[in-house]
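Colleague: The following block contains the structure, expressed as C-alpha coordinates.
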Amino acid sequence: MKNLQANEYVPYQMNYIKLVSEQNIVKGLKDQKEEMIHFFSSIPVFKQEFRYDEGKWTIKDLLLHLIDAERIFAYRALRIARNDATALPGFDENEFVLASQANEREFESLLDEYANVRDATISLFSSFSESDVLKLGTASNASVSVRGIGYCVLGHELHHKQIIIERYL
(Lines give C-alpha, C1' and ligand atoms only; values in the text may rest on other atoms or scores of the structure.)
Protein backbone atom coordinates (compact mmCIF):
# COMPACT_ATOMS: atom_id res chain seq x y z
CA MET A 1 0.00 0.00 0.00
CA LYS A 2 3.01 2.33 0.19
CA ASN A 3 2.47 4.12 -3.15
CA LEU A 4 2.29 7.47 -1.43
CA GLN A 5 1.69 10.67 -3.35
CA ALA A 6 3.60 13.85 -2.52
CA ASN A 7 0.49 15.33 -0.86
CA GLU A 8 0.41 12.54 1.76
CA TYR A 9 3.37 13.57 3.92
CA VAL A 10 5.34 16.58 5.07
CA PRO A 11 8.31 16.77 2.66
CA TYR A 12 11.06 16.14 5.25
CA GLN A 13 9.21 13.01 6.39
CA MET A 14 10.18 11.21 3.17
CA ASN A 15 13.54 10.67 4.89
CA TYR A 16 11.66 8.54 7.43
CA ILE A 17 9.15 6.92 5.10
CA LYS A 18 11.81 5.63 2.71
CA LEU A 19 13.27 3.57 5.59
CA VAL A 20 10.05 1.54 5.90
CA SER A 21 9.98 -1.75 4.00
CA GLU A 22 6.73 -3.14 5.48
CA GLN A 23 3.72 -2.28 3.32
CA ASN A 24 1.09 -3.09 5.97
CA ILE A 25 1.09 -0.34 8.59
CA VAL A 26 -0.55 -2.39 11.36
CA LYS A 27 1.79 -5.34 10.83
CA GLY A 28 4.71 -2.92 10.81
CA LEU A 29 3.56 -1.33 14.08
CA LYS A 30 3.20 -4.74 15.75
CA ASP A 31 6.55 -6.07 14.53
CA GLN A 32 8.36 -2.84 15.32
CA LYS A 33 6.99 -2.78 18.86
CA GLU A 34 8.71 -6.05 19.69
CA GLU A 35 11.87 -5.08 17.81
CA MET A 36 12.18 -1.70 19.55
CA ILE A 37 11.48 -3.07 23.04
CA HIS A 38 14.20 -5.66 22.48
CA PHE A 39 16.55 -3.00 21.08
CA PHE A 40 16.04 -0.53 23.93
CA SER A 41 16.19 -3.31 26.54
CA SER A 42 19.61 -4.32 25.25
CA ILE A 43 21.13 -0.87 25.85
CA PRO A 44 23.46 -0.91 28.85
CA VAL A 45 22.38 1.16 31.86
CA PHE A 46 25.49 3.35 31.65
CA LYS A 47 24.48 4.41 28.10
CA GLN A 48 20.88 5.40 28.93
CA GLU A 49 21.83 8.95 29.98
CA PHE A 50 24.86 9.28 27.70
CA ARG A 51 25.11 12.28 25.36
CA TYR A 52 27.47 11.91 22.40
CA ASP A 53 28.03 15.68 22.40
CA GLU A 54 27.13 18.70 24.52
CA GLY A 55 23.49 19.65 24.17
CA LYS A 56 22.49 16.40 22.47
CA TRP A 57 19.69 14.20 23.74
CA THR A 58 20.26 11.12 25.87
CA ILE A 59 18.82 7.74 24.93
CA LYS A 60 16.14 8.30 27.57
CA ASP A 61 15.34 11.62 25.89
CA LEU A 62 15.16 9.90 22.51
CA LEU A 63 12.84 7.19 23.79
CA LEU A 64 10.44 9.70 25.32
CA HIS A 65 10.67 11.77 22.12
CA LEU A 66 9.50 8.70 20.17
CA ILE A 67 6.61 8.25 22.61
CA ASP A 68 5.56 11.92 22.41
CA ALA A 69 5.86 12.05 18.61
CA GLU A 70 3.83 8.86 18.21
CA ARG A 71 1.06 10.31 20.36
CA ILE A 72 0.99 13.45 18.23
CA PHE A 73 1.07 11.52 14.96
CA ALA A 74 -1.74 9.22 16.13
CA TYR A 75 -3.84 12.21 17.19
CA ARG A 76 -3.36 13.76 13.76
CA ALA A 77 -4.35 10.49 12.08
CA LEU A 78 -7.49 10.27 14.21
CA ARG A 79 -8.54 13.84 13.48
CA ILE A 80 -8.04 13.38 9.73
CA ALA A 81 -9.74 9.97 9.63
CA ARG A 82 -12.77 11.51 11.37
CA ASN A 83 -13.05 14.21 8.68
CA ASP A 84 -11.82 17.05 10.87
CA ALA A 85 -10.62 19.71 8.43
CA THR A 86 -8.83 21.75 11.10
CA ALA A 87 -5.22 22.47 10.17
CA LEU A 88 -3.10 20.80 12.85
CA PRO A 89 -0.01 22.62 14.12
CA GLY A 90 3.51 21.29 14.28
CA PHE A 91 5.35 20.88 17.56
CA ASP A 92 8.78 21.82 18.81
CA GLU A 93 10.42 18.51 19.69
CA ASN A 94 13.29 20.28 21.43
CA GLU A 95 10.93 22.05 23.82
CA PHE A 96 9.10 18.78 24.44
CA VAL A 97 12.36 17.05 25.35
CA LEU A 98 13.42 19.87 27.66
CA ALA A 99 10.09 19.69 29.49
CA SER A 100 9.86 15.88 29.59
CA GLN A 101 12.36 15.18 32.39
CA ALA A 102 13.05 11.80 30.79
CA ASN A 103 16.34 11.43 32.63
CA GLU A 104 14.53 11.60 35.97
CA ARG A 105 12.57 8.47 35.09
CA GLU A 106 13.35 4.79 35.37
CA PHE A 107 14.15 3.26 31.99
CA GLU A 108 11.60 0.48 32.61
CA SER A 109 8.81 3.05 33.03
CA LEU A 110 9.75 4.57 29.67
CA LEU A 111 9.67 1.15 28.02
CA ASP A 112 6.27 0.42 29.60
CA GLU A 113 4.93 3.75 28.35
CA TYR A 114 6.32 3.06 24.89
CA ALA A 115 4.54 -0.32 24.80
CA ASN A 116 1.25 1.21 25.97
CA VAL A 117 1.37 4.02 23.42
CA ARG A 118 2.25 1.59 20.64
CA ASP A 119 -0.64 -0.68 21.62
CA ALA A 120 -2.99 2.33 21.38
CA THR A 121 -1.56 3.24 17.97
CA ILE A 122 -1.99 -0.35 16.75
CA SER A 123 -5.60 -0.31 17.96
CA LEU A 124 -6.26 3.02 16.25
CA PHE A 125 -4.75 2.06 12.89
CA SER A 126 -6.50 -1.33 13.06
CA SER A 127 -9.80 0.52 13.29
CA PHE A 128 -9.27 2.53 10.10
CA SER A 129 -10.98 1.42 6.91
CA GLU A 130 -9.30 1.39 3.52
CA SER A 131 -10.97 4.71 2.74
CA ASP A 132 -9.95 6.21 6.12
CA VAL A 133 -6.24 5.76 5.47
CA LEU A 134 -6.52 7.65 2.17
CA LYS A 135 -8.10 10.74 3.75
CA LEU A 136 -6.12 13.95 3.56
CA GLY A 137 -5.73 16.72 6.09
CA THR A 138 -3.27 19.43 7.00
CA ALA A 139 -0.52 19.10 9.61
CA SER A 140 2.60 21.21 10.03
CA ASN A 141 1.42 23.41 7.14
CA ALA A 142 1.44 20.49 4.69
CA SER A 143 -1.05 18.07 3.21
CA VAL A 144 -0.83 14.62 4.83
CA SER A 145 -2.82 11.39 4.67
CA VAL A 146 -3.65 8.98 7.45
CA ARG A 147 -1.49 6.31 5.83
CA GLY A 148 1.34 8.81 5.31
CA ILE A 149 1.24 9.45 9.05
CA GLY A 150 1.34 5.70 9.73
CA TYR A 151 4.42 5.22 7.59
CA CYS A 152 5.97 8.27 9.23
CA VAL A 153 5.52 6.71 12.71
CA LEU A 154 7.34 3.60 11.51
CA GLY A 155 10.11 5.47 9.71
CA HIS A 156 10.65 8.00 12.48
CA GLU A 157 11.54 5.18 14.87
CA LEU A 158 13.85 3.54 12.35
CA HIS A 159 15.59 6.89 11.82
CA HIS A 160 16.23 7.33 15.54
CA LYS A 161 17.29 3.71 15.95
CA GLN A 162 19.98 4.30 13.30
CA ILE A 163 21.16 7.42 15.12
CA ILE A 164 21.40 5.52 18.42
CA ILE A 165 23.43 2.74 16.79
CA GLU A 166 25.75 5.18 14.99
CA ARG A 167 26.30 7.78 17.71
CA TYR A 168 25.49 6.26 21.10
CA LEU A 169 26.47 2.60 21.09
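Colleague: I'd like the projected area of the range 1-136, averaged over all directions, using the convex hull of its alpha carbons. Report it in nm² with one decimal.
Modeller: The Cα convex hull of the range 1-136, projected and averaged over all directions, gives 9.0 nm².
Colleague: For Ile163 and Asn24, what is the calculated FRET efficiency with R₀ set at 22 Å and r taken between the beta-carbons, to the nearest 0.05?
Modeller: Values: r = 25 Å, r/R0 = 1.15.
The computed FRET efficiency comes out at 0.30.
Colleague: Taking the 0 to 90 degree range and rounding to the nearest ten, how far is the long axis of helix 25-41 tilted relative to the main principal axis of the chain, both from C-alpha atoms?
Modeller: 0
Colleague: Sum up the charges of everything whose Cβ sits under 14 Å from the Cβ of Asp84, counting Lys and Arg as +1 and Asp and Glu as -1, but leave Asp84 out.
Modeller: Numbers: positive: Arg76, Arg79, Arg82, Lys135; negative: Asp132.
With Lys, Arg at +1 and Asp, Glu at -1, the neighbours total +3.
Colleague: Moving on to the next point. Pick out which of Ile72, Ile25, Ile149 has the largest mean-square fluctuation in a Gaussian network model of the chain, springs linking Cα atoms closer than 10 Å.
Modeller: Ile72
Colleague: Take a quick pass over the chain and tell me how many lysine pairs come in under 22 angstrom between Cα atoms, counting only ones 8 or more apart or on separate chains.
Modeller: For the chain, the number of qualifying lysine pairs is 23.
Colleague: What percentage of the solvent-accessible surface of the range 40-169, computed with a 1.4 Å probe over protein heavy atoms, is contributed by carbon and sulfur atoms?
Modeller: On the way: 3150 of 6330 Å².
So the carbon and sulfur contribution to the accessible surface is 50 percent.
Colleague: Could you state the angle between the C-alpha long axis of helix 59-81 and the longest principal axis of the C-alpha atoms of the chain, as a value from 0 to 90 degrees rounded to the nearest 10?
Modeller: Taking Cα atoms only, the helix is inclined about 10 degrees.
Colleague: With a cut-off of 8 Å between alpha carbons and a minimum separation of six or more residues, what is the relative contact order of the range 1-96 in percent?
Modeller: Working: 21 pairs, mean separation 14.7, N = 96.
After rounding, I find 15 percent.
Colleague: While we're looking at this one, here's another question. May I ask for the net charge around Lys30, where only other residues with Cβ less than 11 Å from the Cβ of Lys30 are counted and Lys, Arg are +1 while Asp, Glu are -1?
Modeller: Values: positive: Lys27, Lys33, Arg118; negative: Glu22, Asp31, Glu34, Glu35, Asp119.
Value of the local net charge: -2.
Colleague: Shifting gears a bit: Just from its helices, what would the mean residue ellipticity at 222 nm be for the chain, if runs of 4 or more DSSP H residues each count -39500 (n - 2.57) and the sum is divided by every residue, rounded to the nearest 500 deg cm²/dmol?
Modeller: Details: 6 runs with 95 residues, N = 169.
Calculated at 222 nm, the ellipticity per residue is -18500 deg cm²/dmol.
Colleague: Using a Förster distance of 25 Å, how high is the FRET efficiency between Leu136 and Ile37, based on the Cβ-Cβ distance and rounded to 0.05? Walk me through the numbers before you get to the answer.
Modeller: Numbers: r = 32 Å, r/R0 = 1.30.
The formula returns an efficiency of 0.15 here.
Colleague: Mind telling me which of Lys56, Lys18, Lys30 comes out most flexible in a GNM of the chain, alpha-carbon contacts under 10 Å?
Modeller: Evaluated over the chain, the most mobile residue of the options is Lys56.
Colleague: How high is the relative contact order of the chain? Use alpha-carbon pairs under 8 Å, at least six apart in sequence, and give a whole percent. Each step should come with its number before you reach the end.
Modeller: Numbers: 197 pairs, mean separation 74.3, N = 169.
For the chain, the relative contact order is 44 percent.
Colleague: State in Å² the accessible area per residue of the chain; use a 1.4 Å probe, count heavy atoms of protein chains only, and round to the nearest integer.
Modeller: On the way: 8630 Å² over 169 residues.
Computed with neighbouring chains in place, this is 51 Å² per residue.
The values are calculated or read from the model by the stated rules, or taken from the named source; none is laboratory data. Keep in mind the model is a prediction, meaning the values are calculated, not measured. All Cβ positions, glycine included, derive from the backbone under ideal geometry; neighbour counts span all protein chains shown. Note: accessible area is taken over every heavy atom of the protein model, side chains too, but ligands, DNA and RNA are not part of it. Shrake-Rupley method; radii C 1.70, N 1.55, O 1.52, S 1.80 Å.
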